[in-house]
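So the structure is just underneath, and the comments pick up after that.
The values are calculated or read from the model by the stated rules, or taken from the named source; none is laboratory data. All of these numbers come straight from a predicted model, not from anything done at the bench. Ideal geometry is used to build each Cβ from the backbone, glycine not excepted, and the neighbour counts take in all protein chains shown.
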Amino acid sequence: MIKLSRFNENQRGVTLIELLAVIVILGIIAAVAVPSVLGQINSSKTSVDAANQALIKDAVERAYLMEAVKDTDFPMTLTPGTSGGTITGGATPVDIKDKLIPNYLKEVPPLKDSTHIKYTVTIDSNKKISVGY
């Protein structure tokens, strides 16, 4: 019995105050870090969509230069989805998916920003191609 009491006297545990101090510090770190991480996630989604717009613009420009896509195919609407997505074009929209996929574009890239559902490709009078939402 004497050995047991000596063992307890030499033991030092964590007090409730120390435990609360650690929890408060972790809470402060979380309060600072979480909004920063969420901001980075939203920023990356915007960057991905911008990169996808550039990819679509490049593919449509190449198809236009190779005359796979004509002036009458504009404006185009590219909607991500199964089987590579859908692509319609012209004043009276028709399916022009076979003009771009698979030769110029593997598939319509998905949109990461949930506020948009499709890409729109237009051409101006100077033959400049633009991609938007």
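For Thr120, the criteria (1) of a type outside the set (D, E, K, R); (2) touching a strand residue (DSSP E or B) at 6+ places or on another chain (Cβ under 6 Å); (3) surrounded by 18 or more Cβ atoms within 10 Å (Cβ to Cβ) hold in every case but one, which is (3). Within the range 65-90, residues that are more than 16 Å from Ile123 (Cα to Cα) have Cβ atoms under 6 Å from residues that are at pLDDT 85 or above and hydroxyl-bearing (Ser, Thr, Tyr) in these pairs: Gly85/Thr79; Thr86/Thr79, counting only partners at least 6 apart in sequence or on another chain. Of all the residues in the range 98-128, those that are within 23 Å of the chain's Cα centre (by Cα) and either farther than 15 Å from Glu61 by Cα or not polar (S, T, N, Q) (or both) number 20. Each residue in the range 51-65 was checked for being surrounded by 18 or more Cβ atoms within 10 Å (Cβ to Cβ) and touching a Leu at 6+ places or on another chain (Cβ under 8 Å), and 5 of them qualify. Only residues that are surrounded by fewer than 18 Cβ atoms within 10 Å (Cβ to Cβ) and acidic (Asp, Glu) were counted across the range 66-80, and they come to 2. Is there a residue being closer than 30 Å to Asp124 by Cβ and not hydroxyl-bearing (Ser, Thr, Tyr) anywhere in the range 14-28? No: the range 14-28 contains no residue that is closer than 30 Å to Asp124 by Cβ and not hydroxyl-bearing (Ser, Thr, Tyr). Just checking, does the range 60-67 include any residue being over 24 Å from Asn42 (Cα atoms), among the small types (Gly, Ala, Ser), outside any loop (DSSP other than H, G, I, E, B) and at pLDDT below 85? Checked against the condition, which is being over 24 Å from Asn42 (Cα atoms), among the small types (Gly, Ala, Ser), outside any loop (DSSP other than H, G, I, E, B) and at pLDDT below 85, the range 60-67 yields no hits at all. Note on the range 81-117: residues that are of a type in the set (Asp, Glu), part of a strand (DSSP E or B) and surrounded by 14 or more Cβ atoms within 10 Å (Cβ to Cβ) total 0.
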